Amino acid sequence: AQSVTQLGSHVSVSEGALVLLRCNYSSSVPPYLFWYVQYPNQGLQLLLKYTSAATLVKGINGFEAEFKKSETSFHLTKPSAHMSDAAEYFCAVRGSGTYKYIFGTGTRLKVLA
Amino acid sequence: DTGVSQDPRHKITKRGQNVTFRCDPISEHNRLYWYRQTLGQGPEFLTYFQNEAQLEKSRLLSDRFSAERPKGSFSTLEIQRTEQGDSAMYLCASSLAGGPHEQYFGPGTRLTVT
């Protein structure tokens, strides 16, 4: 069975500071991993995905994530936060051989001026 | 607009009434998913279609819930005898088949049961 844990339901960073959002997964099979962003009153939008190719994945808006099998982690980072990054971020896992995507509980990112 | 659309965007209903939501996926996508999202939670998987076949259902999908995708295009989600616990955002997503393709989400239907 797959599961996802996002540490920190709320994260605040100053504009220009490093963004680090944590995601740990549990999967009995090699997983597919995703990060989505949800802006207020909008649908979820894909930031990036890991599908067993390169372990460092680059996404949109300057975000990237690194798949670390030994740590079962897929943390999301951005070198310099922008005010427009304020949103809720969801990590999701899908095991191969299943159609079900399991989402974490989300991390709300606040960017301080 | 060629994205995923959902109708209605908001629905207020009284407990015990039936409601039906519609989802129109991106036209070339043959996979379609329904999720439920409550405040402070991530989307919870409800069910999945490939073309018109419903291939997987969550245990969350009680016998009061039914979903269809009759011609492999749009889908409907019906909730019978609504309960206050059904109040949530219902999300639809679609994707291409054949691999770990990302899902494209619609804006959701917010259901309030009074």
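No lab work stands behind these numbers, since they all come straight from the coordinates. For clarity, every value in this text was computed on a predicted model and none was experimentally measured. When we count neighbours, we look across all protein chains shown, and the Cβ atoms used for this are built from the backbone with ideal geometry, even at glycine.
Relative to the Cα centre, what is the charge dipole magnitude of chain A, using +1 at the beta carbon of each Lys and Arg, -1 at the beta carbon of each Asp and Glu, and rounding to the nearest 20 debye?
That gives chain A a dipole magnitude of about 240 debye.
Size of the range B:1-67 from its Cα atoms: along the principal axes, largest to smallest, the extents are 37, 29, 26 Å. Where does the protein assembly as shown land on the Kirkwood hydrodynamic radius, alpha-carbon pairs, in angstrom? With all distinct Cα pairs of the protein assembly as shown included, I get 18.1 Å. Relative to one another, the C-alpha centroids of the range B:33-58 and the range B:1-29 are positioned 13 Å apart. Here B:Glu56, B:Glu83 are placed in order of increasing Cβ neighbour count within 10 Å, fewest first, which gives B:Glu83, B:Glu56. With Cα atoms defining each centre, the range A:59-108 and the range A:1-41 are spaced 4 Å apart in the structure.
Can you tell me what percent of all Cα-Cα pairs in chain B are more than 23 Å apart?
The answer is 22 percent, as a whole percent.
Applying the Karplus relation 6.51 cos²θ - 1.76 cosθ + 1.60 with θ = phi - 60° to the range A:19-27 yields 3J(HN,Hα) values of 9, 9, 10, 9, 9, 10, 10, 10, 7 Hz, where x marks Gly and Pro. Amide H contacts for B:Ala88 (H built 1.01 Å from N in the peptide plane; partners 5 or more residues away or on another chain; cut-off under 5 Å): B:Leu111. Size descriptors for chain A: radius of gyration and Dmax over Cα atoms are 13.4, 45 Å.
The modelled label-to-label distance for the pair A:Glu66/A:Met83, using points 7 Å beyond Cα in the direction of Cβ, is 3.2 nm.
Taking amide H atoms as placed 1.01 Å from N in the peptide plane, the amide H of B:Leu46 lies under 5 Å from those of B:Trp34, B:Tyr35, B:Arg36, each 5 or more residues away in sequence or on another chain. Listed by Cβ neighbour count within 10 Å, with the fewest neighbours leading, A:His82, B:His29 appear as A:His82, B:His29. Taking trypsin sites (Lys or Arg not before Pro) in DSSP loop states with no more than 14 other Cβ atoms inside 10 Å as exposed sites, chain B has its longest site-free stretch at B:16-58.
Whole-Hz Karplus values for the range B:39-56 come out as 4, x, 10, x, x, 10, 5, 10, 7, 9, 10, 10, 6, 8, 8, 7, 9, 8 Hz, taken residue by residue from phi with 6.51 cos²θ - 1.76 cosθ + 1.60 and θ = phi - 60°; glycine and proline positions read x.
Counting Lys and Arg as +1 and Asp and Glu as -1, each charge on the Cβ, what is the dipole of the protein assembly as shown about the Cα centre in debye, to the nearest 20?
400
Computed from the C-beta positions of B:Arg15 and A:Lys110, the FRET efficiency with R₀ = 35 Å rounds to 0.45.
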